[in-house]
1. Any residue in the stretch 25-47 that's at pLDDT below 85: show its pairings with residues that are of a type outside the set (Gly, Ala, Ser) at Cβ separation under 8 Å, as long as the two are six or more apart or on different chains.
2. Out of (1) under 19 Å from residue 2 (Cβ atoms); (2) modelled with pLDDT of 95 or more, what's the single condition that is false for residue 74?
3. Just to confirm my filter: which strands (runs of 3 or more DSSP E) fall fully inside the stretch 23-74 and include at least 2 residues that are aliphatic (A, V, I, L, M) and surrounded by 12 or more Cβ atoms within 10 Å (Cβ to Cβ)?
4. Any residue that is closer than 20 Å to residue 99 by Cα, in contact (Cβ under 8 Å) with a residue 40 or more places away in the chain, outside any loop (DSSP other than H, G, I, E, B) and not acidic (Asp, Glu) - is there at least one of those in the stretch 2-21?
5. Answer yes or no as to whether residue 86 is loosely packed, with under 12 Cβ neighbours inside 10 Å and under 12 Å from the mean Cα position of the chain (by Cα).
6. Mind counting the residues in the stretch 75-89 that are touching a residue at least 40 places away in the same chain (Cβ under 8 Å) and either part of a loop (DSSP other than H, G, I, E, B) or in contact with a strand residue (DSSP E or B) (Cβ under 7 Å, 6 or more places away or on another chain) (or both)?
Amino acid sequence: MPKLFEAFGFIFYFWANEYSGGTPEPVHIHFTNGSPSPNAPKIWINGDGRVALDEKFSDKVSQRDLSRALEMCSNNHKYIIEMWDKMFGSHTFNEKVFGENK
């Protein structure tokens, strides 16, 4: 579980096994104010700085904390993508959330 950074009392991290069907999932980061868990909220990251909370986690975080986490991820999107590539070798973005990336 590589930790990327901490802010506002949250830990932002990847899971070492971010694979689905043998290929890495699109770029995302998890965050928690407790112990890291597979059920922690997930934020999708796009190459242009757009970010979005995975809908499955919308009831797990307050609006205030979500706003802070989204802003932190947007401001650090290049670093997150760079670290994703170091961890997983390459990246894709979530086209269902952001549309096609050209």
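The values are calculated or read from the model by the stated rules, or taken from the named source; none is laboratory data. As the structure is a computational prediction, the values presented were derived from the model and not from experiment. Every residue, glycine as well, gets a Cβ built from its backbone with ideal geometry; the counts of neighbours run over all protein chains shown.
1. 38/15; 39/60
2. With respect to (1) under 19 Å from residue 2 (Cβ atoms); (2) modelled with pLDDT of 95 or more, residue 74 is out only on (1).
3. Output list reads 42-45, 51-53.
4. Within the stretch 2-21, not a single residue is closer than 20 Å to residue 99 by Cα, in contact (Cβ under 8 Å) with a residue 40 or more places away in the chain, outside any loop (DSSP other than H, G, I, E, B) and not acidic (Asp, Glu).
5. no
6. 6
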